[in-house]
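Derivation of every value follows stated rules applied to the coordinates shown; laboratory data play no part. Just so it is clear, the structure is predicted and the values come from calculations on it, not from any experiment. Neighbour counts run over all protein chains shown; Cβ positions are idealised from the backbone, glycine included.
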Amino acid sequence: MELKKILPYLIVLLVFGSLLMFYTAFDKKTKTLVPDKLMNVLTFQDPANSFKEFNKVFALAAIGIISIVFLMGPLSKLFPAKFGHFLYMRKTLGIIGFGIAALHAIYSFIEFYKFSLVLMFIENAKFIGIVSATVSLLIFFIMTATSTKNMMVKLGYKKWKLIQTFGYVALALALLHFYLYETKPDIGLDVRPFGMLFFYLPIAALLLRVIIIFMKTPEHKTFEEHMGEKPANLGEKTV
Ligand code: HEM
């Protein structure tokens, strides 16, 4: 099979594999990697703990993969020769990232809020954290549902591009959700060291996007350019 086709799936495997090895296996007390801890989770020694750990891995993988998707646009504009040919992966990785985020949301809705919107929204001390998560998931859903060329033709490129660009708002909201949910009043942001990488990835994607706005780099003008199926016309500057 062609490497180009399987590369997005290899990236997903790499994200999950690295999270299991360096995040799940990390012991907060000894601050070391403990392979037995990972084995206990993988073999469901304590099923409730395994599900909780997998949910955390899914949440981190989702924000990580979605951030990679959002990093590709700005990076391909700053370094077209190096990153331009990776743009084709955005659609596949975006759909997978959304799917993983949706699984995390569904599991959390069942496990933490017992199918209750009252528990989730009204009796939730982290109200802003859950509203930002819900709005972010909704925007990612709209982006995924409109990610095909058919939808682009129906909406027109400008409207379609606006929806895709709105994804940065969703990413910022997901980051806010991450921050608010993992911040403890006495210790602040409490995430295992490798998990922090998944906190900095969306920040990097958002910062790069701001840099691109200020640099006024040429915009993609067609679906094919956006998807990396055709090189962008770099001769035309936007105003
Ligand atoms: C309605 C939608 C969502 C719900 C109900 C939800 C619920 C939760 C809950 C309950 C936690 C705490 C889990 C724990 O500490 O064990 C959490 C953490 C987290 N969520 Fe969500 N979430 C939603 C959407 C999202 C989305 C869209 C993303 C990203 C794309 C996301 C990323 C994260 C991350 C990164 C964490 C921190 C994981 C960790 O370090 O332990 N969530 N979420």
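Could you tell me what % of all Cα pairs in region 1-128 have separations over 24 Å? Across region 1-128, Cα pairs with separations above 24 Å total 44 percent. In plain terms, the chain from PHE127 to GLU224 could stretch by 30.9 nm, reckoned as 0.36 nm per residue minus the Cα-Cα distance. The trypsin sites (Lys or Arg not before Pro) of region 130-228 that meet both conditions, a loop assignment by DSSP and at most 10 other Cβ atoms within 10 Å of the site Cβ, are LYS216. Candidate cross-link partners of LYS56 among the aspartates and glutamates, defined by an alpha-carbon separation under 17 Å and a same-chain spacing of 8 or more, comprise ASP27, ASP46, GLU111, GLU182, ASP190.
A cut-off under 12 angstrom between Cβ atoms defines the neighbours of TYR157, and their net charge, with Lys, Arg +1 and Asp, Glu -1, is +3. Relative to the longest principal axis of the Cα atoms of the chain, helix 167-181 runs at roughly 20 degrees. Among the chymotrypsin sites (Phe, Trp or Tyr not before Pro) found in region 38-143, those both in a DSSP coil and sparsely packed, with 15 or fewer other Cβ atoms within 10 Å of their Cβ, are PHE44, PHE112, PHE115. Start at zero, step by 10 Å, and the Cα-Cα distances of the chain spread as 7, 29, 34, 20, 9, 1 percent across the bins. Across every pair of non-identical alpha carbons in region 128-180, the mean reciprocal distance, once inverted, gives a Kirkwood radius of 11.4 Å. With all pairs of different C-alpha atoms in the average, the Kirkwood value for the hydrodynamic radius of region 106-239 is 17.4 Å. Helical content of the chain, expressed as a calculated mean residue ellipticity at 222 nm, amounts to -22000 deg cm²/dmol (DSSP H runs of 4 or more residues, -39,500 (n - 2.57) each, divided by residue number, nearest 500). Each listed q (0.27, 0.31 Å⁻¹) maps to a log10 I(q)/I(0) for region 22-72, found by the Debye formula over equal Cα scatterers with no solvent: -0.98, -1.10. For LYS91, the aspartates and glutamates whose Cα comes closer than 19 Å to its Cα, not counting residues fewer than 8 places off in the same chain, are GLU2, GLU219, GLU224, GLU225, GLU229. Grouping the Cα pair distances of region 47-90 into 5 Å bins from zero gives a pair-distance distribution of 5, 22, 19, 14, 11, 10, 8, 6, 4, 1 percent in increasing distance order. Between TYR107 and LYS28, the contour length at 0.36 nm per residue exceeds the alpha carbon distance by 26.0 nm.
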